[in-house]
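Some notes on the structure that comes next.
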2 protein chains.
Amino acid sequence: MDQNKTTRKGRREGKRQSIPYSTIVRLTQYLRILDRLNSIGITMVSSNDLCEESRVNSFLVRKDLSYFGEFGTRGVGYNIAYLREEIAKILGLDVKRKLVIVGAGNLGTALAKYRGFRERGFELVGIFDSDPTKIGMRIDNLQVESIFKFDDFVRVHNGIDIGIIAVPAFSAQYVANTLLANNVKAVLNFAPIPIEVSENVIYQSVDLTTHLEILSFYLQDSNRKG
Amino acid sequence: MDQNKTTRKGRREGKRQSIPYSTIVRLTQYLRILDRLNSIGITMVSSNDLCEESRVNSFLVRKDLSYFGEFGTRGVGYNIAYLREEIAKILGLDVKRKLVIVGAGNLGTALAKYRGFRERGFELVGIFDSDPTKIGMRIDNLQVESIFKFDDFVRVHNGIDIGIIAVPAFSAQYVANTLLANNVKAVLNFAPIPIEVSENVIYQSVDLTTHLEILSFYLQDSNRKG
């Protein structure tokens with residue numbers, strides 16, 4: 001993850017926004033751990049176990065959770081169902097978000113089929129492309145629509161919360177401009193190029209190479225030892 | 001990102017490994033910024049600009065770079081070409097890594113075509129599937145091969161560094177076992193399910209929902225104000 005305008009925005013706007021970006025990232029991580037523990041029938045988790053599972057040190061875990069109040073009981077730990085619900089609320093996952101994907105190529109299609117989104121309250125309402133051979137194609141229960149009719153779509157759907165950009169680099173800025181012109185509030189960019197958005201838009205860029213670079217570091221490190 | 005066995009591994013193994021996981025993540029971020037600055041012809045960057053661009057505070061930027069020696073000149077800043085090269089070396093990107101992708105569905109195909117990988121020294125040498133209708137299919141200059149013949153492939157290629165898992169949840173563990181049985185050193189898992197790997201394997205799991213959850217937090221936050 002890089003280029004998080006969200007963070008800078010966070011720093012600018014008063015008290016609640018002073019929650020560091022890294023805390024938000026870790027909250028999503030805790031949520032995933034709690035989900036897993038919950039799915040195997042565990043009901044309580046100690047602060048130590050949460051540290052162990054998340055590979056985050058105990059000071060940080062406690063600090064992260066302290067931004068939002070007191071969730072745990074000293075010596076007993078956290079009730080998983082309750083903590084899950086609270087973190088989900090903190091992240092705004094109790095509110096349904098309308099999501100569109102622009103780009104019906106392999107990445108866009110993979111994202112459209114990604115089951116995790118709906119589970120978290122993200123509702124994919126449209127998928128768009130500029131390629132006439134793709135428009136009309138079915139992806140699960142949706143039909144690929146023309147990006148040139150995006151304004152009509154947004155009007156019918158009464159606003160869109162999040163737009164995912166999954167187009168080649170050369171059209172990413174055009175797509176971003178189209179999303180912003182139609183008041184899409186947040187943009188997630190998978191195109192391997194930096195794009196410009198206005199300051200009031202929530203923006204994240206995903207670079208898939210980052211993950212390989214991190215593995216590369218640890219590979220090099222293990223080679224050095226032996 | 002979650003479940004970074006890499007981090008725990010890092011904590012266990014002596015001095016150089018005590019570099020925090022979060023520093024490694026930020027180094028990949030600095031590298032991307034330096035690349036961008038370099039591509040528009042800028043040759044020097046101040047510590048402050050690096051902070052501004054990365055939205056990381058100046059204390060952390062200096063601390064991150066200090067793990068590896070002294071790169072900058074006080075009052076002048078960093079030479080971009082030099083700093084890029086050093087960070088690339090730190091991350092082991094000066095060494096070619098042999099990469100395979102398992103899963104030739106939409107996500108696997110998108111990853112196979114992702115141009116960023118090769119630019120960073122990751123060489124995609126094979127793509128695999130178990131589906132007979134996919135085996136033999138061409139993706140750029142590669143042909144999809146049978147995962148059941150993976151052991152032959154690894155022998156011919158004299159070892160594989162990184163395996164990317166891009167299969168549905170139900171077959172992810174099987175694929176992981178196949179990779180590990182053939183001594184693949186590092187695994188990047190895109191399947192939306194936790195998988196078990198032995199302690200000596202470098203492992204990262206990518207959950208694409210994380211990015212949406214982070215946007216959701218900032219969306220909620222902006223709604224509250226406005």
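Label positions at A:Y174 and A:R36, each projected 7 Å from the Cα along the C-beta direction, are separated by 4.2 nm. Computed from phi, the 3J(HN,Hα) profile of segment A:33-45 under the Karplus parametrisation 6.51, -1.76, 1.60 (θ = phi - 60°) reads 5, 4, 4, 5, 4, 4, 5, 9, x, 7, 10, 10, 9 Hz, with x in place of Gly and Pro. Label positions at A:V156 and B:R138, each projected 7 Å from the Cα along the C-beta direction, are separated by 3.9 nm.
Within a straight-line Cα-Cα reach of under 12 Å, B:K98 can be paired with the following aspartates and glutamates, leaving aside sequence neighbours fewer than 8 residues apart in one chain: B:E123, B:D161. Applying 1/(1 + (r/R0)^6) with r as the Cβ-Cβ distance of A:R62 and B:E199 and R0 = 25 angstrom yields a FRET efficiency of 0.40. For chain B, compute Rh as the Kirkwood radius over C-alpha pairs and then the Stokes-Einstein diffusion coefficient at 37 °C and 0.692 mPa s; write the answer in µm²/s, rounded to an integer. This corresponds to a translational diffusion coefficient of 167 µm²/s.
Under 14 Å of direct C-alpha separation, and excluding same-chain neighbours fewer than eight residues apart, A:K134 reaches these aspartates and glutamates: A:E145.
For segment A:131-185, what class follows from the C-alpha gyration tensor (a ≥ b ≥ c being the square roots of its eigenvalues): rounded when a/c is under 1.5, otherwise prolate if a/b is larger than b/c, else oblate?
Cα axes put segment A:131-185 in the oblate bin.
Annotation: per residue accessible area for chain B equals 44 Å², rounded to a whole number [probe 1.4 Å, protein chains only]. Taking every residue in A:86-94 and counting other chain Cβ atoms within 10 Å of its Cβ, the average works out to 4.
With a ≥ b ≥ c taken as the square roots of the eigenvalues of the C-alpha gyration tensor of the protein assembly as shown, please select rounded if a/c is under 1.5 and otherwise prolate if a/b is larger than b/c or oblate if it is not? Because its axes are fairly even, with a/c under 1.5, the protein assembly as shown counts as rounded. For A:K63, list the aspartates and glutamates whose Cα falls under 16 Å from its own Cα; do not include residues on the same chain fewer than 8 positions away. Of all the aspartates and glutamates, those that pass the test against A:K63 - Cα under 16 Å, at least 8 places apart if same chain - are A:D49, A:E52, A:E86. Dividing the summed helix terms, -39500 (n - 2.57) for each DSSP H run of n ≥ 4, by the number of residues in chain B produces a 222 nm estimate of -14000 deg cm²/dmol to the nearest 500. Dividing the convex hull volume of the alpha-carbon atoms in segment A:79-191 by its residue count gives 105 Å³ per residue. Shielding by partners for peptide A:100-113, expressed as the average number of C-beta atoms from other protein chains within 10 Å of each residue's C-beta, is 4.
The angle between the Cα long axis of helix B:169-181 and the main principal axis of chain B comes to about 90°, on a 0 to 90 degree scale. Name the GluC sites (Glu not before Pro) in segment B:67-170 that are in a loop by DSSP and that have at most 11 other C-beta atoms within 10 Å, would you? Here the GluC sites (Glu not before Pro) that fit, given the DSSP loop and packing criteria, are B:E70.
Whole Å is fine, so just give me how far the alpha carbon centre of segment A:112-166 lies from that of segment A:170-211. For segment A:112-166 versus segment A:170-211, the Cα centre distance is 16 Å. So for segment A:68-158, taking the charge dipole from beta-carbon charges (+1 Lys/Arg, -1 Asp/Glu), which of A:I147, A:N79, A:G105 sits furthest toward the positive end? Positive-most Cα among the choices belongs to A:N79. A simple count of charges around B:N182, restricted to other residues whose Cβ falls under 15 Å of its Cβ and scoring Lys, Arg +1 and Asp, Glu -1, yields 0. For B:M137, the residues whose amide H sits under 5 Å from its own are B:V144, ignoring neighbours fewer than 5 places away on the same chain, with H placed 1.01 Å from N.
State which stretch of chain B is the longest one without any exposed trypsin sites (Lys or Arg not before Pro), exposure meaning a DSSP loop state and at most 11 other Cβ atoms within 10 Å. Within chain B, the longest run free of exposed trypsin sites (Lys or Arg not before Pro) spans B:97-226.
The values are calculated or read from the model by the stated rules, or taken from the named source; none is laboratory data. Please read all numbers here as calculations on a predicted model, not as lab measurements. Don't worry about glycine lacking a Cβ; one is built from the backbone with ideal geometry, like all the others, and counts go over all protein chains shown. Ligands, DNA and RNA are stripped out before the accessible areas are found, and what is left, the full protein with its side chains, is counted by its heavy atoms. Shrake-Rupley method; radii C 1.70, N 1.55, O 1.52, S 1.80 Å.
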